[in-house]
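Participant: Could you have a look at this structure, given as structure tokens, before my questions?
The values are calculated or read from the model by the stated rules, or taken from the named source; none is laboratory data. Bear in mind that the values here come from a model prediction, so they are computed numbers and not experimental data. Areas reflect the complete protein model, heavy atoms only, side chains present, ligands, DNA and RNA absent. Shrake-Rupley method; radii C 1.70, N 1.55, O 1.52, S 1.80 Å.
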Amino acid sequence: MLIHPIDPVYDAGSRVLLLGSFPSPKSREMGFPYGHPQNRFWPVLAALWGEPVPEGADERRAFALRHHIALWDVLHACEIAGASDASIQHPIPNDIRPILAAAPIHNIYTTGSAAHKLYKKYIEPVCGRPAIPLPSTSPANARMRLPALIAAYRVILEALDAPIDR
């Protein structure tokens, strides 16, 4: 059983919450979400804003907060083989309610089908907020090219342009 070692990234200005399933071994080693060098998450987000791809945990944290993005994962703990979401067993969810209470989160997105399925089963019933599924940026999702991922993730920009509900 692995315990999630990475704290959520958010502040009072966060407007969207992006949730993965569980951090990969590379992300756990780096201590920050989407840390695998071949994961396209950071190149996708950088392309949305026309900025250079942030490197390292400090740059990535600053990038996310500057663009009002909160980051975390659906699971607090699970059994998993490497980075294979398909191998997840005995999942224990994270409690995202403190993030929702601290920030005016407009939309919640899940990155990948496993994250979405786990969110719907374990978190949505507790917090009452639906999540919008986005495609995985993992190298395992090789069939989806970078331009298609960028197009799919544009919904984040639209959500950030929407008025704040609070």
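Participant: Where a Cα-Cα gap under 19 Å defines reach, which aspartates and glutamates qualify for residue 121, not counting those fewer than 8 residues away within the same chain?
Facilitator: Within the straight-line limit of under 19 Å, residue 121 reaches these aspartates and glutamates: 73, 79, 85, 95.
Participant: Tell me, how many Å apart are the Cα centres for the range 2-72 and for the range 101-144?
Facilitator: Centre-to-centre (Cα) distance: 14 Å.
Participant: Could you tell me which of rounded, prolate or oblate describes the range 39-122, using a ≥ b ≥ c as the square roots of the eigenvalues of the alpha-carbon gyration tensor, with rounded for a/c under 1.5 and, failing that, prolate when a/b is larger than b/c and oblate otherwise?
Facilitator: Oblate, because a/c is 1.5 or more while a/b does not exceed b/c.
Participant: For the chain, what log10 I(q)/I(0) values come out of the Debye formula at q = 0.08, 0.10, 0.14, 0.17 1/Å, with one point per alpha carbon and no solvent?
Facilitator: The Cα Debye sum returns log10 ratios of -0.20, -0.32, -0.66, -1.03.
Participant: With a 1.4 Å probe and every protein chain kept in, tell me what percent of the accessible surface of the chain is carbon plus sulfur.
Facilitator: 55
Participant: Another question, then. I'd like the accessible area for residue 122: 1.4 Å probe, protein heavy atoms, all chains in place, Å² to the nearest 10.
Facilitator: 60
Participant: In square angstrom, what is the accessible area per residue of the range 7-166 with a 1.4 angstrom probe?
Facilitator: 48
Participant: Moving on to the next point. Quick one: among 99, 132, 150, which has the greatest mean-square fluctuation in a GNM of the chain with alpha-carbon springs under 10 angstrom?
Facilitator: 132
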